[in-house]
Amino acid sequence: MKKLLVFNWKMNPASYEEAERILFATFELANNAKETEIVVCPPFTWLTDFSHKAHQGVKFGAQDVFWKPDTGAFTGEVSDTMLKNSGVEYVIIGHSERRKLLGETDEMIQKKVKSALTEGLKVILCVGEEASVRDQGLEAVKSFIKNQLAQDLKGIENLKLEIENLIVAYEPIWAIGTGTPCSPKDALQIISFIKELLATSYQLLATRVLYGGSVTGKDILDFIQLEDIDGALVGGASLKPEQFLNVIH
Ligand code: PGA
């Protein structure tokens, strides 16, 4: 299966012109990286314009979605249906920045995951521990992730789920935006654990699991060349897609 690269632009860039420049550089990367699948997640301001600029090899994703699937009096929110009608196929749910800065709870995340999957969007669910948990050792990390997944995926067993529609991103919070990624070996340990858990507890046998947290052109291969790591969720470095050109050929 192709490796999946999810480019999370977060709240960047400030202008449409710059956004378009980054998008075209990403198209160029996609032209040269046919063995990878690229999903670009720009802010909503640029997303729906870009999602109409179809390009072979690049798909689009939102950075969030509301849990009511259709329309209604929910100021500031965007629904699954709106995304689908705009050609957006993927959505990131439960990013740690939203959990932390906007108070998103596991209960809210669970509702978003369930609604988006029911409506046929491809969900990239982010999970990951704080440094204080990591400091307690691997078993503490596993137990934290197990608990987070149990809450965020509650009720998923009742859905008729296309296996490729759920993707989990292991994003240790202490590695996000710090310039210091988790070591590939440690990331692999947790990712293998997540896969085993998904298979045994949810009968999800082929769910893709990505690594995210300070991935750049310098180290992306260290992660994605490992068989069990199905791709990467890239934040800051996704604004300079040129850096991946020579690496992911
Ligand atoms: P980063 O962000 O690559 O800038 O660390 C990753 C993420 O938050 O998804």
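Read the figures in this text as sums done on the coordinates, not as results from a lab. Just so it is clear, the structure is predicted and the values come from calculations on it, not from any experiment. Because the Cβ atoms are built from the backbone with ideal geometry, glycine has one as well, and the counts that use them run over all protein chains shown.
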Counting only C-alpha contacts under 8 Å and six or more residues apart, can you give the relative contact order of the stretch 138-249 as a whole percent? 26 percent
How charged is the neighbourhood of Tyr202? Take every other residue with its Cβ under 12 Å from the Cβ of Tyr202, and add Lys/Arg as +1 and Asp/Glu as -1. 0
Rounded, prolate or oblate: pick one for the stretch 118-162, where a ≥ b ≥ c are the square roots of the eigenvalues of its C-alpha gyration tensor, a/c under 1.5 means rounded, and failing that, prolate if a/b is larger than b/c, else oblate. prolate
Hey, how many Å between the Cα centroid of the stretch 64-87 and the Cα centroid of the stretch 103-135? 17 Å
Helix-only CD estimate at 222 nm, as mean residue ellipticity for the chain, using -39500 (n - 2.57) per DSSP H run (n ≥ 4): -11000 deg cm²/dmol
Suppose R0 equals 22 Å. What FRET efficiency, 1/(1 + (r/R0)^6) with r the Cβ-Cβ distance, do Met1 and Lys53 give to the nearest 0.05? 0.25
The stretch 1-143: C-alpha gyration tensor shape, a/c 1.5 cut-off, then a/b vs b/c: oblate
Among Val133, Phe60, Asn85, whose Cα sits farthest toward the positive end of the charge dipole of the stretch 40-164 (+1 at Cβ of Lys/Arg, -1 at Cβ of Asp/Glu, about the Cα centre)? Asn85
Looking at the stretch 187-249, which GluC sites (Glu not before Pro) are in a loop (DSSP not H, G, I, E or B) and have at most 14 other Cβ atoms within 10 Å? Glu227
List the lysines whose alpha-carbon lies under 17 Å from that of Lys146, not counting same-chain residues fewer than 8 positions away? Lys154, Lys195
Measure off 7 Å from each Cα along the Cα-to-Cβ vector at Ile163 and Thr178, then give the distance between these two points in nanometres to one decimal. 3.5 nm
In nm, spacing of pseudo-spin labels at Lys240 and Ser192 (7 Å Cα→C-beta vector): 3.3 nm
Determine one quarter of the surface area of the Cα convex hull of the chain, which equals its mean projected area, and express it in nm² to one decimal. 12.4 nm²
Calculate, for Gln136 and Leu101, the FRET efficiency according to 1/(1 + (r/R0)^6) with r their C-beta to C-beta distance and R0 35 Å; round to the nearest 0.05. 0.90
Between the stretch 226-249 and the stretch 147-169, how many Å separate their Cα centres? 25 Å
